[in-house]
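Structure first, commentary second.
The values are calculated or read from the model by the stated rules, or taken from the named source; none is laboratory data. As the structure is a computational prediction, the values presented were derived from the model and not from experiment. In this analysis, Cβ positions are derived from the backbone assuming ideal geometry, glycine residues included, and neighbour counts consider all displayed protein chains. Accessible surface areas use protein heavy atoms only, side chains included; no ligands, DNA or RNA. Shrake-Rupley method; radii C 1.70, N 1.55, O 1.52, S 1.80 Å.
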Amino acid sequence: LSGGAVLVLALTGCGGDDSDEKLNSWAKEVCDAVQPQAAKIKAANTAIQKETSDNSTPQAVQQADSKAFQDMSDAYKAIGAAVNKAGAPDVENGEQKQQDAVKELNSISASYATLKKQVDGLNTKDQAEFADGLKDIAAELDKLSKSGSDALSTLEEGKVGEAMSRQASCQTATASAGATKS
């Protein structure tokens, strides 16, 4: 049940030397905004895994999942807002890449909000029914974690990825996200 690292895993790059100040400044703004959200996503994934593996009561699992999905929804929305606020990166088709990434981030945010509604609606009094409902949510979560990071990958191609890889906050975000992949 892990699935919040889509963006964060996309935030890798191959270091390079590029003196493009505008692009570096853009990358720093985005990376600095992403770092706390990446930590929030990681914590939410950890909470889901902990409650699922602890033989917790249905109520405890429901509560933990609901909060985790809300946190993930908020985090992806905040990342989308940060990419939006940073403006288009100074590269070819930068505006289109930025718009696609924001649209995808908002879509991921909305999907987590939907999962929260689903988990909130589960019947915790019937263990079997609850388990079945969780299976459906787990399947959705799995799809969501694999869902397109295409726009994000596109945003981070070439010079943008190189500029992002030079930002300390993106390096930290990526390192912490690697641990959420299970």
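Give Val61, Val34, Val83 a once-over and let me know the one that is closer than 30 Å to Lys159 by Cα, β-branched (Val, Ile, Thr) and at pLDDT 90 or above.
Val83
Just checking, which of Thr154, Thr57 is among the hydroxyl-bearing types (Ser, Thr, Tyr) and either in contact with a Leu (Cβ under 6 Å, 6 or more places away or on another chain) or surrounded by 16 or more Cβ atoms within 10 Å (Cβ to Cβ) (or both)?
Result: Thr154 is the single residue among Thr154, Thr57 that is among the hydroxyl-bearing types (Ser, Thr, Tyr) and either in contact with a Leu (Cβ under 6 Å, 6 or more places away or on another chain) or surrounded by 16 or more Cβ atoms within 10 Å (Cβ to Cβ) (or both).
For the stretch 105-149, enumerate the residues that are open to solvent by less than 70 Å² (accessible area, probe 1.4 Å), farther than 14 Å from Phe69 by Cβ and of a type in the set (S, T, N, Q).
Asn106, Ser107, Asn123, Thr124, Ser147, Ser149
Would you check if Lys67 is open to solvent by 60 Å² or more (accessible area, probe 1.4 Å), closer than 24 Å to Val160 by Cβ, without any contact (Cβ under 8 Å) to a residue 60 or more places away in the chain and out of contact with any Cys (no Cβ under 7 Å at 6 or more places or on another chain)?
In short, no.
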